[in-house]
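See structure below.
The values are calculated or read from the model by the stated rules, or taken from the named source; none is laboratory data. The shown structure was predicted, so the numbers you read here are calculated from the model rather than taken from an experiment. As a convention, Cβ positions derive from the backbone with ideal geometry for all residues, glycine included, and neighbour counts pool all protein chains shown. SASA here: full protein model, heavy atoms, side chains in, ligands and nucleic acids out. Shrake-Rupley method; radii C 1.70, N 1.55, O 1.52, S 1.80 Å.
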Amino acid sequence: MKVLVVGSGGREHAIIKKIRENKTVKELYALPGNAGMAEDATLVDIKASELDKIVEFAVGHGVDYAVVAPDNPLVDGCVDRLEAAGIPCFGPRANAAIIEGSKVFSKDLMKKYGIPTAAYEVFDDAKKALEYVKTCPIPTVVKADGLALGKGVVIAETREMAEEAIVSIMEDKKFGASGNQIVIEEFLEGPEVSVLSFTDGKAMVPMVSSMDHKRALDGDKGLNTGGMGTIAPNPYYTKEIADRCMKEIFLPTMEAMNKEGRTFKGCLYFGLMLCKDGPKVIEYNCRFGDPETQVVLPLLKSDLLNIMMAVTEERLGNITVRFSDGAACCVVVASDGYPGSYEKGKELVIEDEVKDKVYVAGAAFKDGKLVTNGGRVLGCTAVAEDLPEAIKEAYKIVEKVHFSNAYCRKDIGAKALKALK
Ligand code: AMP
Ligand code: GLY
């Protein structure tokens with residue numbers, strides 16, 4: 001089989017390494033991938049946003065199956081385009097990817113079908129939004145409707161912050177058309193859990209739960225990032241809560257999408273908050289999370305490509321998906337300065353003995369050598385029998401990767417360890 005994976009980050013590297021375990025895969029393309037994946041896949045120099053070129057490449061190279069991993073191409077209809085050209089895909093069509101592509105859509109969906117989430121108001125007029133935040137409860141949360149590179153959410157701790165967010169999103173168009181509408185919602189509190197779930201619109205098969213660490217600095221301080229590390233399983237996510245989420249959130253979401261004529265097939269990501277009065281949806285993503293995937297897939301015992309193809313062929317309910325009982329920890333090593341400005345092009349060395357435990361998120365070739373090429377550069381992932389061991393081992397891997405302006409959080413998993421106690 002020839003398999004194409006669209007995307008370029010650590011998540012895609014984790015998907016690629018897992019797909020490689022399937023012996024029927026004779027050729028694996030990463031489009032565009034990054035230099036750090038060159039040993040695991042053939043890099044294709046086309047951007048994930050160039051849908052015409054992606055289809056042309058896939059058809060021209062006889063690709064048998066495609067996995068579209070990032071949000072933007074999914075929302076823009078990459079799967080629809082590939083399918084129209086006769087190539088089966090893993091990932092939702094555009095009409096279902098809207099569950100991430102529009103927060104107004106997802107909030108209205110949850111309201112219509114009684115799926116627990118934060119109370120909210122939608123605005124398409126900045127004046128009305130500004131009027132509303134004069135009296136709404138504070139803190140409040142301001143969200144751009146559309147995709148915003150993960151930066152469209154502002155937790156406003158004061159009325160001034162809420163006003164600034166409204167002006168920058170709606171009037172200054174910080175995120176372009178993504179800010180034509182905004183959602184202003186209730187501030188929720190509680191531990192956060194990420195649950196990625198395979199679904200084909202008939203069955204819902206949640207993967208092992210995980211916990212992201214979004215802030216740049218230790219102790220959950222500093223700016224929001226794409227994620228500085230993850231652990232799995234998430235100790236807050238007990239069997240009892242999992243059962244409740246299945247009944248109150250996961251299955252109702254699948255059925256709601258079916259009823260709307262927007263059957264979701266692929267990996268549906270539930271960003272949950274475990275509030276005092278029960279679990280609530282903070283966000284849906286239409287794809288694998290990054291860096292959640294880097295801890296979830298290493299714990300998957302079943303064959304990933306077989307699961308993906310079962311989703312495509314709507315026979316997920318007939319197969320068994322197994323995860324190991326162990327734990328995993330991924331520590332992201334980033335370029336100092338990230339998520340603000342940072343330097344690229346630093347020589348990057350990953351010692352041989354840890355190569356299979358490192359997912360490369362941002363690397364390029366310069367004069368035949370590997371150099372850094374992103375804010376998040378690497379994800380060092382360890383799998384062990386339990387969480388304390390996985391955390392210890394992940395930080396040992398960090399010692400074996402080198403570039404000159406490297407930084408990482410030192411407390412990935414610390415909160416989870418406290419919860420275990
Ligand atoms: P998102 O970009 O949608 O993943 O949101 C980023 C982060 O903002 C989430 O992971 C939460 O930590 C936080 N967040 C989003 N919505 C709320 C809310 N209603 N209450 C509290 N925190 C929130
Ligand atoms: N780690 C959060 C996300 O993938 O959106």
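Residues in segment 88-97 include none that are more than 22 Å from M309 (Cβ to Cβ) and within 24 Å of the chain's Cα centre (by Cα). Scan segment 231-252 for residues that are in contact with a Pro (Cβ under 9 Å, 6 or more places away or on another chain) and more than 15 Å from K418 (Cα to Cα) and jot them down. Once the filter is applied, which keeps residues that are in contact with a Pro (Cβ under 9 Å, 6 or more places away or on another chain) and more than 15 Å from K418 (Cα to Cα), segment 231-252 yields I241, A242, R244, C245, M246, E248, I249, F250. Would it be correct to say that E100 is open to solvent by 10 Å² or more (accessible area, probe 1.4 Å), more than 19 Å from the chain's Cα centre (by Cα) and not hydroxyl-bearing (S, T, Y)? Considered against the rule, which asks whether it is open to solvent by 10 Å² or more (accessible area, probe 1.4 Å), more than 19 Å from the chain's Cα centre (by Cα) and not hydroxyl-bearing (S, T, Y), E100 comes out as no.
Taking segment 335-421 as the region of interest, the strands (runs of 3 or more DSSP E) fully inside it that hold 3 or more residues being more than 21 Å from L297 (Cβ to Cβ) and either touching a Phe, Trp or Tyr at 6+ places or on another chain (Cβ under 9 Å) or in contact (Cβ under 8 Å) with a residue 40 or more places away in the chain (or both) are 369-372.
Considering only residues of segment 42-59 that are open to solvent by 10 Å² or more (accessible area, probe 1.4 Å) and either of a type in the set (G, A, S) or within 20 Å of C330 (Cβ to Cβ) (or both), which is farthest from the chain's Cα centre (by Cα)? Looking at residues that are open to solvent by 10 Å² or more (accessible area, probe 1.4 Å) and either of a type in the set (G, A, S) or within 20 Å of C330 (Cβ to Cβ) (or both), I get S49.
Selection of segment 381-416 for residues being more than 20 Å from the chain's Cα centre (by Cα) and polar (S, T, N, Q) yields S404, N405. The set of residues from segment 356-369 being open to solvent by 40 Å² or more (accessible area, probe 1.4 Å) and under 17 Å from S8 (Cα atoms) comprises just one member, F365. Candidates A177, A119: the one that is surrounded by fewer than 18 Cβ atoms within 10 Å (Cβ to Cβ), within 11 Å of ligand 1 (Cβ to nearest atom) and under 25 Å from the mean Cα position of the chain (by Cα) is A119.
Just one of the listed residues (L223, L147, L188) is within 26 Å of E292 (Cβ to Cβ), under 20 Å from the mean Cα position of the chain (by Cα) and part of a loop (DSSP other than H, G, I, E, B), namely L147. The C-beta contact set for segment 27-41 (first residue more than 18 Å from K2 (Cβ to Cβ), second residue crowded, with 18+ Cβ neighbours inside 10 Å and not hydrophobic (A, V, I, L, M, F, W, C), distance under 7 angstrom, 6+ apart or interchain) comprises N34/S8; N34/G362; N34/N373; G36/H13.
A quick yes/no check of all residues on (1) closer than 30 Å to A310 by Cα; (2) touching a strand residue (DSSP E or B) at 6+ places or on another chain (Cβ under 6 Å); (3) within 16 Å of ligand 2 (Cβ to nearest atom):
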| residue | (1), (2), (3) |
| --- | --- |
| E100 | yes, yes, yes |
| V104 | no, yes, no |
| E131 | no, no, no |
| G179 | no, yes, no |
| G201 | yes, no, no |
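Taking each residue of segment 274-289 that is under 15 Å from V104 (Cα atoms) and looking for partners that are among the hydrophobic types (A, V, I, L, M, F, W, C) and near ligand 1 (Cβ under 10 Å from one of its atoms) with beta-carbon atoms closer than 6 Å, six or more apart or interchain, yields I282/M273.
Are any residues in segment 18-34 open to solvent by less than 30 Å² (accessible area, probe 1.4 Å) and outside any loop (DSSP other than H, G, I, E, B), and if so, which ones? Of everything in segment 18-34, those that are open to solvent by less than 30 Å² (accessible area, probe 1.4 Å) and outside any loop (DSSP other than H, G, I, E, B) turn out to be K18, I19, L28, Y29, A30, L31. Taking first residues from segment 125-154 that are closer than 27 Å to G340 by Cβ and partners that are exposed (fewer than 12 other Cβ atoms within 10 Å of the Cβ) and hydrophobic (A, V, I, L, M, F, W, C), the Cβ contacts under 7 Å between residues at least 6 apart in sequence or on separate chains come to G146/A177.
Scanning segment 225-240 for residues that are farther than 18 Å from Y284 by Cα, open to solvent by 10 Å² or more (accessible area, probe 1.4 Å) and in contact (Cβ under 8 Å) with a residue 12 or more places away in the chain turns up P233, P235, Y236.
Of all positions in segment 345-355, none carries a residue that is closer than 21 Å to A69 by Cβ and in contact with a helix residue (DSSP H, G or I) (Cβ under 6 Å, 6 or more places away or on another chain). Exactly one residue out of L274, L305 is in contact with a helix residue (DSSP H, G or I) (Cβ under 7 Å, 6 or more places away or on another chain) and open to solvent by 10 Å² or more (accessible area, probe 1.4 Å): that is L274.
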